[in-house]
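**Student:** Structure provided below as structure tokens; questions to follow.
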Amino acid sequence: YEDEVGGQPNSVITYRDGYIYTGFWISETAYANYVCISVTDENPKDHFEKKAASWVHHQKGGFYWAGAYLTDQFLLVGTDDGKSGYTTGYAHLLSLNPKTGEVLSDLTLPHAGDLRTSITYDAEGTKDYYFTTKGGFFYRVSVDEAGMIDEKSLQWVHLNNGTDKNAMSTSTPTIYNGRAYVGVSGTGQFVPYGGHNISVIDLTSMETAYKIPTKGYPQTSGILTTAYSGTTNKVYVYFFDNYTPGKLRMFSDEPGQTELLEVTVET
């Protein structure tokens, strides 16, 4: 498949029931596409055939690192904010019909900044959806079975990097047992120990329980394991710093914890 307006294919690809879904990006202010493409091989004799999109959604700002959450009824995906930088424009959370691309619901976020994460669903806990933004916010919102976003349910935590600079995040939230784990940027993306951190958020109070300082910006999603929990609720979470040389961080956490434990001081 070749995007009809020449966008960069830098968003997560999501597959469901014979179709793939992904977004494209051209610039912070340009219109770009989100597409649905069938995986059916219409011409098995042609190994180089070009695919056509089953549907296309055209959106100002486009889709950058935007991963969808997908059900039979709806697709949730975030957009860039449509403005240069990340302090003026407002991103959207879109709910689209996965079969037609029809916009079922469109939530404009209340704070400026691009939405450049995948959408995480907490299936075993709150039954809500979570994401972060470059404006420095962690969000929670409810969506009904038909894909209608409940604007009144929207809650947020203002992320903090210990400075007066914007604490942007492009880290897809890892959610487990009433806790969220996200990477947060410091004063500059590649300024060592500039306020970069992994923030642990309590989902009951919707407050940051504590922060773990890091040398670089933990820009990815964390990997969580319950393999060592035993009779406790303790989990271990793993994040990488986006820095040279890269660092793999591991920490333990459990509900009610308010500070980093099992510390090895970095030298």
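We did not get these values from a lab; they are worked out from the coordinates using the rules stated. All values reported here derive from a predicted model rather than from experimental measurement. Every residue, glycine among them, receives a Cβ derived from its backbone with ideal geometry; neighbour counts consider all protein chains shown.
**Student:** Sort 204-216, 165-177 by the packing proxy (mean of other Cβ within 10 Å over each peptide's residues), most packed first.
**Tutor:** Result, highest mean Cβ count within 10 Å first: 165-177, 204-216.
**Student:** Which Cα, out of 92, 174, 240, lies furthest along the positive dipole direction of the chain (beta carbon charges, K/R +1, D/E -1)?
**Tutor:** After comparing all options, I get 240.
**Student:** Using 7 Å Cα-to-Cβ label points, what is the residue 244/residue 229 separation (nm, one decimal)?
**Tutor:** Taking the two extended label points, one gets 4.0 nm.
**Student:** Provide, for the chain, the number of lysine pairs with alpha carbons under 23 Å apart, each pair being eight or more places apart or on different chains.
**Tutor:** Lysine pairs satisfying the spacing and distance rule in the chain number 20.
**Student:** Using +1 at the C-beta of Lys and Arg and -1 at the C-beta of Asp and Glu, which of 14, 30, 257 has the Cα lying farthest in the positive direction of the dipole of the chain?
**Tutor:** Of the options given, the answer is 257.
**Student:** Hey, for a label at residue 10 modelled as a point 7 Å past Cα toward Cβ, could you say which residues of region 30-44 have their backbone N under 17 Å away?
**Tutor:** Inside the label zone: 30-34.
**Student:** Same structure again: So between residue 88 and residue 1, what do we pick up on full extension, going 0.36 nm a residue minus the alpha carbon distance?
**Tutor:** The span from residue 88 to residue 1 would gain 28.0 nm if fully extended.
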